[in-house]
């Protein structure tokens with residue numbers, strides 16, 4: 001039995017590819033948009049269930065490491081270390097932080113992904129920001145009843161607004177190379193970033209509060225407009241993920257009412 005489990009775990013990517021190919025052929029056979037949407041949801045849930053089962057088998061044979069990680073995360077929760085203090089410019093309302101387990105992720109591709117063992121039944125919704133005890137991670141993009149997929153910062157669509165307190169707002173993007181670094185663009189020329197400056201996320205309030213992203217390692221000026229481009233050492237370790245936290249704003253309805261009335 002153990003050999004079978006190890007075999008399935010070893011070749012899970014191949015098995016997943018077979019499932020994806022079959023799903024693609026089935027999807028191609030349907031032209032109706034409604035049917036296609038339903039098939040997409042079924043396919044996503046099926047793939048997530050397979051990954052979750054394989055993940056569970058792997059965890060069964062590695063209980064000591066899992067218990068150690070859970071103990072570390074519980075300690076972080078009790079200490080409140082996953083609640084990064086907002087910088088002076090932030091006026092963040094209250095949030096709930098929903099723990100979600102990562103069952104599949106990548107960090108060394110041009111477009112990386114996250115698969116989470118929590119879905120709409122757990123209160124997870126598309127658009128929620130994801131943070132760890134270390135810092136910013138990414139954003140939830142799709143959910144089923146029991147699973148969610150997310151785009152991490154290490155993705156061409158994972159860029160976010162980011163800010164150095166007192167030095168303005170810029171755009172944080174990953175260039176597809178080093179998973180430990182990203183670039184902060186478009187900092188105004190009168191606000192030169194200094195090595196060691198702390199960088200915080202700056203997203204819509206409904207996504208997440210300002211959360212630490214990393215620290216400035218170096219900076220150079222753009223020759224065209226003299227704006228600054230800073231290299232950021234990322235706070236979160238994207239090569240080692242087990243538990244994350246989805247940010248849920250407490251008074252979302254009030255915020256949406258205000259946003260609607262201002263339009």
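Brief remarks on what is shown
- Number of positions in region 154-181 that are farther than 13 Å from residue 107 by Cα and more than 13 Å from the chain's Cα centre (by Cα): 13
- Hey, residue 151 outside the structural domain of residue 218 (by TED's automatic domain parsing) and either farther than 16 Å from residue 240 by Cβ or surrounded by fewer than 17 Cβ atoms within 10 Å (Cβ to Cβ) (or both) or not: yes
- Count of residues meeting criterion [farther than 16 Å from residue 159 by Cα and without any contact (Cβ under 8 Å) to a residue 12 or more places away in the chain] in region 193-221: 1
- Count of region 97-116 residues which are in contact with a helix residue (DSSP H, G or I) (Cβ under 8 Å, 6 or more places away or on another chain) and under 9 Å from residue 244 (Cα atoms): 3
- Filtered by the rule that a residue be within 19 Å of residue 181 (Cβ to Cβ) and either modelled with pLDDT of 95 or more or not in a loop (DSSP other than H, G, I, E, B) (or both), region 134-156 gives 136, 137, 138, 151, 152, 153, 154, 155.
- Among the residues making up region 196-246, those that are assigned to a loop (DSSP other than H, G, I, E, B) and within 16 Å of residue 170 (Cβ to Cβ) are 197, 202, 203, 210, 211, 222, 224, 225, 226, 227.
The values are calculated or read from the model by the stated rules, or taken from the named source; none is laboratory data. Quick caveat, the model's predicted, so the values are computed rather than measured. Ideal geometry is used to build each Cβ from the backbone, glycine not excepted, and the neighbour counts take in all protein chains shown.
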